[in-house]
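The values are calculated or read from the model by the stated rules, or taken from the named source; none is laboratory data. Note that this is a predicted model, so its numbers are computed, not measured. Reconstructed Cβ throughout: ideal geometry from the backbone, glycine too, with neighbour counts over all protein chains shown. The area values use the complete protein model at the heavy-atom level, side chains included, leaving out ligands, DNA and RNA. Shrake-Rupley method; radii C 1.70, N 1.55, O 1.52, S 1.80 Å.
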Amino acid sequence: MTAPPDDCLARNEWICGEYLSTRRQILMDAVVQHLQLTAVSVLIGLVIALPLAVLARRWGWAAGPVLAVTTILYTIPSLAMFSLLLPVYGLSASLVVAGLVLYSLTLLVRNILAGLRAVPEETRQAARGMGYGPIRLLLTVELPLALPAAMAGLRIAMVSAVSLVTVGAIVGHGGLGNLIYAGMNTYFKAQVLTASVLCVVIAILADVLLLGVQRLLTPWTRATRG
């Protein structure tokens, strides 16, 4: 009988410290790409979603079409979405970002709009009575009061983006998804498990970070609960 290999990589074990020590730079590069794709796509989505939600709040007739279009986009399977965007962006990181932006719009627009609609009308009237114009009313009254709902949508969009970035592995721009995809093709257990766990850790940390930001920006919500 031949003796079993003396390291976990040769034995192809799921949990392997040797993998972490020998692939540290590869893992770091994948994590950085994953974070970049996630952050850029959610930021662009927020920049687009905010004016859409404000317009939908100002003109009630626009709310239905805006919500309908963004909801339809969210129902498109990720592989189909990337395939539809392929003729425009090619096999590039922009393809992944564009897909994630479209997916984030439903979550962001719906929650920002819900937050704006929840602002009490008497609060708006009081602000107008104090001489607030539409822009000042939006920036200093409506948006701050809509923050809890908007941040809830942002948290969900961020966690969803962390997950969906992995699908970008089909075009070679999936961050940790590249390692998961390659590891599954070769049945490299340590790589699949490590990259998957890192995805979960990133999602949890992103959610906790945004929750902390939300608490800092909305101190009155804690006072209300107290």
Is it the case that segment 17-40 has a residue that's farther than 19 Å from LEU198 by Cα and not β-branched (Val, Ile, Thr)?
no
If VAL54 meets every condition in (1) open to solvent by less than 60 Å² (accessible area, probe 1.4 Å); (2) assigned to a helix (DSSP H, G or I); (3) without any contact (Cβ under 8 Å) to a residue 60 or more places away in the chain; (4) farther than 30 Å from HIS34 by Cα apart from one, which number is that one?
(3)
Is segment 143-162 home to any residue that is in a helix (DSSP H, G or I), at pLDDT below 90 and among the β-branched types (Val, Ile, Thr)?
no
Would you mind finding the one in ALA146, ALA161 that is in contact with a helix residue (DSSP H, G or I) (Cβ under 6 Å, 6 or more places away or on another chain), touching a residue at least 60 places away in the same chain (Cβ under 8 Å) and of a type in the set (Gly, Ala, Ser)?
ALA161
Residues of segment 63-91 being of a type outside the set (Val, Ile, Thr), under 20 Å from VAL162 (Cβ atoms) and touching a helix residue (DSSP H, G or I) at 6+ places or on another chain (Cβ under 8 Å), in sequence order, are LEU73, TYR74, SER78, LEU79, MET81, PHE82, LEU85
Tell me which of these ALA152 doesn't satisfy, since it passes every other one: (1) closer than 20 Å to VAL109 by Cβ; (2) open to solvent by 80 Å² or more (accessible area, probe 1.4 Å); (3) not β-branched (Val, Ile, Thr).
(2)
Matching entry among THR38, THR71 (being of a type in the set (S, T, N, Q), surrounded by fewer than 16 Cβ atoms within 10 Å (Cβ to Cβ), modelled with pLDDT of 85 or more and closer than 23 Å to LEU147 by Cα):
THR71
May I ask you to list the residues in segment 156-175 that are crowded, with 20+ Cβ neighbours inside 10 Å and farther than 24 Å from VAL192 by Cβ?
ALA157
Do we find a residue being among the aromatic types (Phe, Trp, Tyr), part of a helix (DSSP H, G or I) and surrounded by 15 or more Cβ atoms within 10 Å (Cβ to Cβ) anywhere in segment 211-225?
no
Being open to solvent by 20 Å² or more (accessible area, probe 1.4 Å), in contact with a Leu (Cβ under 6 Å, 6 or more places away or on another chain) and either hydroxyl-bearing (Ser, Thr, Tyr) or touching a residue at least 12 places away in the same chain (Cβ under 8 Å) (or both): is that true of LEU198 here?
yes
Filter segment 87-107 down to the residues that are of a type outside the set (Gly, Ala, Ser) and without any contact (Cβ under 8 Å) to a residue 24 or more places away in the chain, then identify the one that is nearest to THR38 (Cα to Cα).
TYR89
Among the residues of segment 111-139, count how many are under 26 Å from the mean Cα position of the chain (by Cα), open to solvent by 50 Å² or more (accessible area, probe 1.4 Å) and either modelled with pLDDT of 90 or more or not basic (Lys, Arg) (or both).
3
Got a sec? Which of TYR89, TYR103, TYR19 is more than 18 Å from the chain's Cα centre (by Cα), among the hydroxyl-bearing types (Ser, Thr, Tyr) and open to solvent by less than 40 Å² (accessible area, probe 1.4 Å)?
TYR19
